[in-house]
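Where a number appears in this text, it was derived from the coordinates with a stated rule and is not lab data. Bear in mind that the values here come from a model prediction, so they are computed numbers and not experimental data. Neighbour counts run over all protein chains shown; Cβ positions are idealised from the backbone, glycine included.
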Amino acid sequence: MHMSRELPRGAAADLWRHTLCHIPSVFGRLVYLASLRNSNTGRYEHHGLTLVFGEEDANRTLRESHEKSFRDWLQFKLEYQKADLDLYLASIATDRTTIIETWLRLMPYRNFLPASARGTDRLLFLADLEMLLTVLRNELGVCGPDQDA
């Protein structure tokens, strides 16, 4: 029993030390961790963690890290969410206007939610993010999805 409790902490420490600490925004960590979830199985996949800690511990560690990043982001006040989202967007090589237009049209941010997120947390996340996207759209002069030709 004691041994199995050590592995997830070891995997979590490894994930933080080698990957997550290099992502400056909580939103960026949320996006990264969501990208490791297989959309067909719902399981998280990370080759390096799996090699060192095994498939189950890697999946559990990534899932728990995704849930923690989600909770951390939800706890921010809206102004801090905006600053954190700005930091994330600044780290992407793609033009900010293109990102906002695409997000408004395709809504990929719905996939950033952990599967375990409760209904109220889901609604809060989506409402906050959609409000922030509206603010960014106005700041950047981006056309909304119904205005696309």
Inset, instruction - Calculate the radius of gyration of the Cα atoms of the chain to one decimal place, then report Dmax, the largest Cα-Cα distance, as a whole number, both in Å. - result: 16.7, 60
Inset, instruction - Divide by every residue of the chain the summed helix terms, -39500 (n - 2.57) for each DSSP H run of at least 4, and state the resulting mean residue ellipticity at 222 nm, rounded to the nearest 500 deg cm²/dmol. - result: -22000 deg cm²/dmol
Legend entry - the stretch 64-130, Cα convex hull volume normalised per residue, Å³: 93
Legend entry - Lys/Arg +1, Asp/Glu -1 at C-beta; the chain dipole; positive extreme among Cys21, Val135, Gln81: Cys21
Inset, instruction - Just subtract the alpha-carbon distance of His18 and Thr98 from 0.36 nm times their residue separation and send over the number in nm, one decimal. - result: 25.8 nm
Inset, instruction - List the residues whose amide H sits under 5 Å from the amide H of Tyr44, counting only those 5 or more places along or on another chain, with H placed 1.01 Å from N in the peptide plane. - result: Asn38
Legend entry - Net +/- balance of residues flanking Gly48 in space, Cβ distance below 15 Å, scoring K and R +1, D and E -1: -3
Inset, instruction - Could you give the size of the charge dipole of the chain about its Cα centre, using +1 on the Cβ of each K and R and -1 on the Cβ of each D and E, expressed in debye and rounded to the nearest 20? - result: 340
Inset, instruction - Report relative contact order for the chain in percent, whole number only (criteria: Cα-Cα under 8 Å, sequence separation at least 6). - result: 25
Legend entry - Charge-dipole axis of the stretch 30-149 as Lys and Arg at +1 and Asp and Glu at -1 on Cβ define it, positive-most pick from Gly54, Leu30, Thr102: Gly54
